[in-house]
1. Which residues, taken from the range 100-111, are more than 19 Å from N61 (Cβ to Cβ) and surrounded by 11 or more Cβ atoms within 10 Å (Cβ to Cβ)?
2. In the range 11-29, which residues are touching a residue at least 40 places away in the same chain (Cβ under 8 Å) and either in a helix (DSSP H, G or I) or in contact with a helix residue (DSSP H, G or I) (Cβ under 7 Å, 6 or more places away or on another chain) (or both)?
3. Surrounded by 17 or more Cβ atoms within 10 Å (Cβ to Cβ), closer than 30 Å to E133 by Cα and charged (D, E, K, R): which single residue out of K35, K63 fits that description?
4. Which of the numbered conditions does V54 fail, given that it passes all the others? Conditions: (1) closer than 25 Å to E129 by Cβ; (2) among the hydrophobic types (A, V, I, L, M, F, W, C); (3) surrounded by fewer than 19 Cβ atoms within 10 Å (Cβ to Cβ).
5. Only residues that are modelled with pLDDT of 95 or more and farther than 18 Å from G107 by Cβ: list them for the range 39-59, please.
6. Filter the range 67-109 for residues that are out of contact with any Phe, Trp or Tyr (no Cβ under 6 Å at 6 or more places or on another chain) and of a type in the set (D, E); which is nearest to A33 (Cα to Cα)?
7. Which condition number in (1) closer than 17 Å to K39 by Cβ; (2) surrounded by fewer than 16 Cβ atoms within 10 Å (Cβ to Cβ) is the one that G127 fails?
Amino acid sequence: MKTYSQKAKEINREWYLIDASTLPLGKLAVIVADKLMGKSKVTYTPHIDNGDYVVVINAKNVKVTGEKMTQKKYYRHSGYPGGLKELKLEEVLEKEPARVIFEAVKGMLPKNKLAPERLKRLRIFEGSEHTHEAQSPKEIK
């Protein structure tokens, strides 16, 4: 018996809808990363990007446990000496809630050449309305 290896022509992508207000941030990121990689498919092949599209709604209502709202920090650097910027999770949620979910999912994906293409298939919306009704995404509970 030979090991099955999926070809690029055989990829069949589906659309999924996830409500961010129903799950904690970490569990949400695990589910989204799994769908983006395609690991839940029987045709999973590590070197082929056969993942699905994921639409996340209600990003501004994301849940976190413990003291993460005040203790979790996001860093960025301008490239100049002393240019390190630091924001708490609650501040980032006020300014751009999509960044919180994006960074969590990005951290869950493997760091390889396929990661940027996988992240392009992630669509995050602050409210409950989204622009992908025509694709009729399957809702994940």
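The values are calculated or read from the model by the stated rules, or taken from the named source; none is laboratory data. Keep in mind that what you see is a predicted model, and the values were worked out from it rather than measured. We place every Cβ from the backbone using ideal geometry, glycine too, and count neighbours over all the protein chains shown.
1. K106, G107, M108, L109, P110
2. Once the filter is applied, which keeps residues that are touching a residue at least 40 places away in the same chain (Cβ under 8 Å) and either in a helix (DSSP H, G or I) or in contact with a helix residue (DSSP H, G or I) (Cβ under 7 Å, 6 or more places away or on another chain) (or both), the range 11-29 yields W15, Y16, I18, A20, S21, L25, G26, L28, A29.
3. Result of the check over K35, K63: K35.
4. (3)
5. Across the range 39-59, the qualifying residues are D52, Y53, V55, I57, N58.
6. Looking at residues that are out of contact with any Phe, Trp or Tyr (no Cβ under 6 Å at 6 or more places or on another chain) and of a type in the set (D, E), I get E103.
7. Going through the list (1) closer than 17 Å to K39 by Cβ; (2) surrounded by fewer than 16 Cβ atoms within 10 Å (Cβ to Cβ), G127 breaks only (1).
One line per residue, one yes/no per condition, for (1) more than 17 Å from K27 (Cα to Cα); (2) surrounded by 13 or more Cβ atoms within 10 Å (Cβ to Cβ); (3) in contact (Cβ under 8 Å) with a residue 40 or more places away in the chain:
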position: N50; (1), (2), (3): yes, yes, yes
position: K72; (1), (2), (3): no, yes, no
position: L93; (1), (2), (3): yes, yes, no
position: T131; (1), (2), (3): yes, no, no
